[in-house]
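Below is one structure, written out as structure tokens; the observations come after it.
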Amino acid sequence: MQQHTTIIDKAAMALSGGLLLLGVVVLGIVELLAGKPYGAAPLTNDAGEVIATPMVDPTLRTGLVLAGLLVLALYGGYRLVAPMKDEAAPAQQEITAD
């Protein structure tokens with residue numbers, strides 16, 4: 001069985017993969033290079049003053065990952081309703097009746 005990828009397939013894979021990689025890997029490396037705090041919450045001292053915040057807003061990272069998952073979900077829905085080309089199926093031929 002041969003799988004043929006269309007422009008829509010390639011675009012959905014590239015967009016969703018790019019968004020997920022950007023949100024998880026790239027911005028994760030940026031956070032590591034920026035130093036502490038590594039978590040999503042800002043660091044406070046005993047008096048409750050904010051002493052350090054994450055470099056990249058966690059809402060932005062979460063939004064990028066969710067956008068990537070949404071693209072994958074929309075692509076999956078498209079593949080469910082799109083007709084499949086079955087090249088292995090025999091061609092229909094007209095047969096005349098007697």
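Some observations on this one:
- E49-L69 FRET efficiency (beta carbon distance; Förster radius 25 Å; 0.05 resolution): 0.10
- Dipole moment magnitude, nearest 20 debye, the chain about Cα centre, only Lys, Arg, Asp, Glu C-beta charged: 280 debye
- Theoretical FRET efficiency, 1/(1+(r/R0)^6), r = Cβ-Cβ of I7 and T62, R0 41 Å, to 0.05: 0.90
- Here's how it looks for A52: its modeled amide H is under 5 Å from those of L43, which are all 5 or more places away or on a different chain.
- When every Cα-Cα distance of the stretch 7-81 is counted in 10 angstrom steps from zero, the calculated P(r) takes the values 19, 36, 23, 14, 6, 1 percent.
- Listed peptides 15-28, 70-83, 36-49 appear in the order 15-28, 70-83, 36-49 once ranked by packing, highest mean of other Cβ atoms within 10 Å at the front.
- Computed 3J(HN,Hα) for the stretch 12-19, one whole-Hz value per residue from the Karplus formula 6.51 cos²θ - 1.76 cosθ + 1.60 where θ = phi - 60°, is 5, 5, 5, 5, 5, x, x, 5, glycine and proline marked x.
Each value in this text was obtained by applying a stated rule to the coordinates, not by laboratory testing. Small disclaimer: the values here were computed from a predicted structure and weren't measured. Cβ sites come from the backbone with ideal geometry, for glycine too, and all protein chains shown count toward neighbours.
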